[in-house]
Amino acid sequence: MGCRPLFQGNCGGGEAVDGENKKFWQHKSLSEMSASQWEALCDGCGRCCLHKLEDADTGEIFYTSIACHLLDIHRCHCTAYSNRAKAASDCLVLILQNTEIFSWLPKTCAYRRLFEGRALPPWHPLVSGDPESVHAAGISLRHRAVSDLHVNAQDFENYIIDIDH
Ligand code: SF4
Ligand code: SF4
């Protein structure tokens, strides 16, 4: 299972997201961002909190529509965010030093986009100025996922989806 990216910087933690830094993602690399900028970069889609299955032969990753039990699916917020790495023992926490995990994130993910040199889309809350835009665009998990509390592990294969389409 995935987990939302964890800030690994060691400086600039109090730097504001507004003012002159309003479009920080256009001129800062991921490693240059402050803690608050790193957090603001998340679009709040919740997609990384879906369970994934890995093909044992090919290593290919398949997304399911089954969300971590700690995700509030309507709000697409983690209910254990500050303690997420410990709260869900099978979560994989993305850090910049572990860059291969970027390829596991959905192609829509803001962290993956910037890591790959792509721009943020119009529906990203930092671009639109509206935190609801990620839901209105149909990118978020709202109305699209089921909690793992309601699905037996042996049935996960039946919930495989194409997350990028
Ligand atoms: S612990 Fe939180 S951030 Fe991690 S997968 Fe679960 S809901 Fe998502
Ligand atoms: S942008 Fe979406 S997929 Fe990426 S970390 Fe945030 S919630 Fe997860």
Considering only residues that are in a loop (DSSP other than H, G, I, E, B) and β-branched (Val, Ile, Thr), look in region 37-75 and name the one that is surrounded by the fewest Cβ atoms within 10 Å (Cβ to Cβ). Thr58
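For region 104-123, what are the residues that are of a type outside the set (Asp, Glu) and assigned to a loop (DSSP other than H, G, I, E, B)? Full working, then the answer.
First, pick out the residues of region 104-123 that are of a type outside the set (Asp, Glu): 104-115, 117-123.
Leu105, Pro106, Lys107, Thr108, Cys109, Gly117, Arg118, Ala119, Leu120, Pro121, Pro122, Trp123, listed by residue number.
Determine whether Leu141 is touching a residue at least 24 places away in the same chain (Cβ under 8 Å) and either part of a helix (DSSP H, G or I) or over 16 Å from the mean Cα position of the chain (by Cα) (or both). First the steps, then the outcome.
Values: touching a residue at least 24 places away in the same chain (Cβ under 8 Å): yes; either part of a helix (DSSP H, G or I) or over 16 Å from the mean Cα position of the chain (by Cα) (or both): no.
When the stated conditions are applied, Leu141 does not pass them.
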Out of all the residues in region 124-138, which are touching a residue at least 24 places away in the same chain (Cβ under 8 Å) and either part of a loop (DSSP other than H, G, I, E, B) or farther than 17 Å from Gly44 by Cβ (or both)? His124, Pro131
All but one of (1) in contact with a Gly (Cβ under 7 Å, 6 or more places away or on another chain); (2) farther than 18 Å from Ile161 by Cβ; (3) crowded, with 22+ Cβ neighbours inside 10 Å hold for Ser34; which doesn't? (3)
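Rule-based calculations on the coordinates, nothing more; no lab input. What you are looking at is a predicted structure, and each value in this text was computed from that prediction instead of being measured. Quick reminder, even Gly has a Cβ in these numbers, built from the backbone with ideal geometry, and neighbours come from all protein chains shown.
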